[in-house]
Amino acid sequence: MKKRVGLLLAIMTAFVMLVMPLGNTTHAQAADNSLEKIQKKGVLVMGTSPDYPPYEFQATVNGKSTVVGMDVQIGKKVAKELGVKLKIKSMSFDSLLVALQTGKIDMIISGMNPTPARRKNVAFTHTYYQGGYDIVINKSDQGKYKNKDSFSGGTLGAQTGTTQYNAAKSQTKNTTVKGMTSQSDLILALQSHKLDGVAMEKPSAEAYVSNNKQLAAIPSDFNMSSSATSSAIAFRKGSTSLVNKVNKTVDQIKKENLVKKDYLPAAGKYLKTNTVNTSMTHYWKAFLTGIEYTLIITVCSVFFGFIIGIILALARMARGNFFKNLLRWVATAYVEFIRGTPMMVQVMFVYFGLGLFVNLPALTSGIIAISLNSGAYVAEYIRGGINSVDVGQTEAARSLGMSNGKTMRYVILPQALKNIWPSLGNEFITLIKDSSIVSIIGVTELIYQSNIVRSDTYRGVAPIVVIMVLYFILTFTASRILNYFERKMQHA
Ligand code: ARG
């Protein structure tokens, strides 16, 4: 008997080992309609992190803040050769790979190096540019630093998720390496002497230095492979037909030397025009757009959060049978879980995680995530408000023959809401500030707009002061309005 079972297991194992790879190959071949899908969709979504001049950065074009740079020119040429429209989605560099893998974008053109580690998860085209790495320092420190080894005992900054960040971590000794999401934040930290240097690619270092007289660049002397110093376009793993087609465009760009002859000079022009007018009033449209999106996110999240809060509060008070006890348990678990995880993680889960099943725009994802988060807190306020209503109110209503539902709806909830109005007001004020969290998925609210203005003007502190004042105006005005209605309710 034992022999038969052993033989059966051996045959089954052999079968699985033989069939699985074939299955994958067949699956991969059948699944690779990547080129056909893009051409049928008619739009090619390019993901990029526009804080890396001259590769990609923000510039004011015809009065509108626009993503420009050599990578944008390459994206436009790729889209043209494919016969589709180009749509650019901006986000932080360390969000690009997950955005590509979850289908939020179709390709990454963001000065990205086709390193072996990345090749495990994405497919790269041929390289379109060969760079190298410098370290940007304050000009006042020139002579103090020669290369990466000079920063021993000091602090070196680099953009999180990048090749230079990994190189700084692995190739420096006794150096504190600070990672930041935004290249503009790194330059601001350098200028405020929080960092001694910022590692980045040579063209980017030259762009920052040429636009800021207080900065200088030194060679990094990082020991880098050719794949770590070149740039290529990233597509989803298995997009062979698309990659092969785009390679023809990339090879043409290299053959005609378009990057050096055309794309870099064009980017340089934008860099110069950018710093003609760097007054904050010149960017009033950007800040106004930021306020619009901040208010849209806040109002929608408070509305949906309040509805979710009422449902959760009532569910947490359900008792009497198995179903009601299960409802109470689920509601309690939801409230504890949401209050136990950071909102930033929730925003990324909704945008990238749910994005695997339904392609939600960044703004919608942000509103959903903040509403779900707010609902957990509002549920506790409402539950506290309901418990604060004297039990005699319920007894009186029930003795008049009112059902439980009507008692709750017409007697308890109105009094409870009056008691929790201040807490709901605080939640509204908190959401005005918390709405900034969605800037990580590219929603153009106030923080996102300030990053655009910073990378546009190369001014670090001024945009921060402007949005601090704007947030205060928003929260102070909101609290005055809420206090007015609170007083009216007290006298009602
Ligand atoms: N070339 C580096 C990398 O691939 C850095 C790229 C940064 N790009 C950006 N747009 N911020 O890791």
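Worth pointing out:
- Net charge dipole size for segment 122-179 [Lys, Arg +1 and Asp, Glu -1 on Cβ; Debye, nearest 20]: 160 debye
- Taking the alpha carbon gyration tensor of the chain, multiplying each eigenvalue by 5 and rooting it gives semi-axes of 47, 35, 21 Å, largest first.
- Listed residue (151, 455, 353) projecting farthest to the positive dipole end of the chain, Cβ model: 353
- Other residues within the sphere of radius under 13 Å centred on the Cβ of residue 159, judged by their own Cβ, net out at -3 (K and R +1, D and E -1).
- For segment 215-344, a crude dipole built from +1 on the beta carbon of Lys and Arg and -1 on the beta carbon of Asp and Glu, taken about the Cα centre, is about 360 debye to the nearest 20.
- Dipole axis of segment 368-478 (+1 Lys, Arg; -1 Asp, Glu on Cβ), positive-most option in 471, 443, 378: 378
- Averaging the Cα positions of each part gives two centres, and for segment 36-98 and segment 390-408 these lie 61 Å apart.
- Kyte-Doolittle mean at least 1.0 and Cα axial length at least 20 Å: DSSP H helices in the chain: 284-316
- Check: the chain dipole with +1 on Lys, Arg Cβ and -1 on Asp, Glu Cβ, in debye: 980 debye
- Cα-based Kirkwood hydrodynamic radius, segment 357-432, one decimal, Å: 14.4 Å
- Mean separation of Cα contacts under 8 Å (6+ apart) over length of the chain, as relative contact order %: 17 percent
- Net charge of Cβ neighbours under 14 Å - reference residue 425; Lys, Arg +1; Asp, Glu -1: +3
- Residue-count net charge about residue 146 - beta-carbon cut-off 14 Å; Lys, Arg +1, Asp, Glu -1: -3
- Look at where the Cα atoms of segment 251-302 and of segment 174-246 average out, and the two centres are 18 Å apart.
- Considering helices alone, the calculated mean residue ellipticity of the chain at 222 nm is -18500 deg cm²/dmol, with DSSP H runs of length four and up weighted by -39500 (n - 2.57) and normalised per residue.
- Taking trypsin sites (Lys or Arg not before Pro) across segment 50-157, the ones in a DSSP loop with at most 16 further Cβ atoms lying within 10 angstrom of their Cβ are 120, 144, 146.
Computed from the coordinates by the stated procedures, all read-outs in this text should not be read as laboratory data. Just so it is clear, the model here is predicted, and its values are computed rather than measured. Note: ideal-geometry Cβ built from the backbone for every residue, glycine included; neighbour counts use all protein chains shown.
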